[in-house]
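What follows is calculated from the coordinates using simple rules that are stated; it is not laboratory data. Since we're looking at a predicted model, the values are computed, not measured. Neighbour counts run over all protein chains shown; Cβ positions are idealised from the backbone, glycine included.
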Amino acid sequence: MKTTVTTLQNMKAENKKIAMLTCYDYSTAKLMDEAGVDTILVGDSLGNTMLGYEDTISVTVEDMIHHCAAVARGAKNPLIVCDMPFMSYQSSVYDAVVNAGRLMKEGRAQMVKLEGGKEVCPQIEAIVKASIPVCAHLGLTPQSINALGGYKVQGKTEDAAQKLIDDARAVEAAGASMLVLECVPEKLATKITEELSIPTIGIGAGAGCSGQVLVYQDMLGMFTDYVPKFVKNFANVGEVMKNAFRQYKEEINNQTFPAAEHSYKIDDEVIGKLY
Ligand code: KIV
Ligand code: NA
């Protein structure tokens, strides 16, 4: 069944946990759809996992559209959320609406996600007014890495924790339909989840959130450049892939691949006539 904003809202109300994964391509999206994943995030983490950047700063609206459209072709049931990349909404309310619109029209997203609290509430309001659902993102916000000074847990002091709660209330009041909490202490994320009526999706934010998200290469053990504390390894797909690549090379070297069943035939008579 198709997941909608209403589905997610009802899941929170009924205390059914929401399963979200990042995804960036058609074939993986199909697998996630078949596995029953509720919602997919086309994250700007594609800058790290798919494009090899050190951070998400260089990711463009075109990159997001390119990957989101592929995911949308593969995943029919999950609600598709697409990240607004760095400087596609911070610069102005106008930019925010135009770029959110492009992610919907060209990327076929069903919700857009942007990072920040009070400072982006005018953008959230304007995007929602354009009938585009918005997911907010608080705590560790990777697009602010140069201002934050490192990837670490957020909201540990009283001031920082209060600011997080205030920002969470502000994005809900501005019209956000969902909120991602990244690298936030479990008890704080639980309190925010209880305070808000919209669902929260945690990544490194403990079990009290309305749902969870992980970067799929992280949970599959395919991306080991940097593995945060909050990642659980659900399979060693990286090892499986590496072994298959190795075996492929070996079979080419020792000429066991391709075998007869992988090859096309032509009549000997035809071959015999050639000069
Ligand atoms: O880009 C991303 O993958 C994200 C998640 C980590 C929430 O924003
Ligand atoms: Na992101």
Cα-Cα longer than 21 Å, checked against LYS12/LYS152; LYS17/LYS105; LYS30/LYS152; LYS152/LYS232; LYS113/LYS187; LYS2/LYS118, kept in input order, equals LYS12/LYS152; LYS17/LYS105; LYS30/LYS152; LYS113/LYS187; LYS2/LYS118
Measuring from its Cα centre, the range 5-236 shows a charge dipole (+1 at each Lys and Arg Cβ, -1 at each Asp and Glu Cβ) which, in debye to the nearest 20, is 500 debye
Taking 0.36 nm per residue of separation between ASN146 and LYS118 and subtracting their Cα-Cα distance, the length gained on full extension comes to 8.2 nm
Highest mean packing first, using Cβ neighbours within 10 angstrom, the peptides 189-200, 18-29 sort as 18-29, 189-200
Given the candidates VAL93, MET11, ALA259, the one whose Cα lies deepest towards the positive end of the charge dipole of the chain, counting +1 at each Lys or Arg C-beta and -1 at each Asp or Glu C-beta, is MET11
The range 147-175 and the range 185-252 have their Cα centres apart by a whole-number Å value of 22 Å
For the range 145-184, whose charge dipole is built from +1 on Lys and Arg Cβ atoms and -1 on Asp and Glu Cβ atoms, the candidate among MET178, ALA168, ALA147 with its Cα farthest towards the positive end is ALA147
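Note down the relative contact order for the chain as a percent, whole number, built from C-alpha pairs under 8 angstrom at least six residues apart. Could you put the intermediate results ahead of the total?
On the way: 505 pairs, mean separation 40.6, N = 275.
Dividing the mean separation by the residue count of the chain yields 15 percent.
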Here the residues of the range 67-92 lying in the modelled label zone of GLU106, meaning backbone nitrogen under 12 Å from a point 7 Å along Cα-to-Cβ, are 67-69
Two pseudo-spin positions, 7 Å from Cα along C-beta at HIS66 and at TYR226, lie apart in nanometres by 2.2 nm
With R₀ set to 41 angstrom, the calculated FRET efficiency between the beta-carbons of VAL93 and VAL240, to the nearest 0.05, is 0.30
Stretched fully, the stretch from LYS163 through SER197 gains (0.36 nm per residue minus C-alpha distance, one decimal, in nm) 10.4 nm
Here the FRET efficiency for THR6 versus ASN233, based on Cβ atoms and R0 = 35 Å and rounded to 0.05, is 0.55
Final fewest-first order of HIS67, HIS262 on the 10 Å Cβ neighbour count is HIS262, HIS67
When LYS265, LYS152 are arranged by how many other beta-carbons sit within 10 Å of their Cβ, fewest first, they go LYS265, LYS152
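Please order TYR94, TYR275 by the number of other Cβ within 10 Å, starting at the fewest.
With the fewest neighbours first, TYR94, TYR275 line up as TYR275, TYR94.
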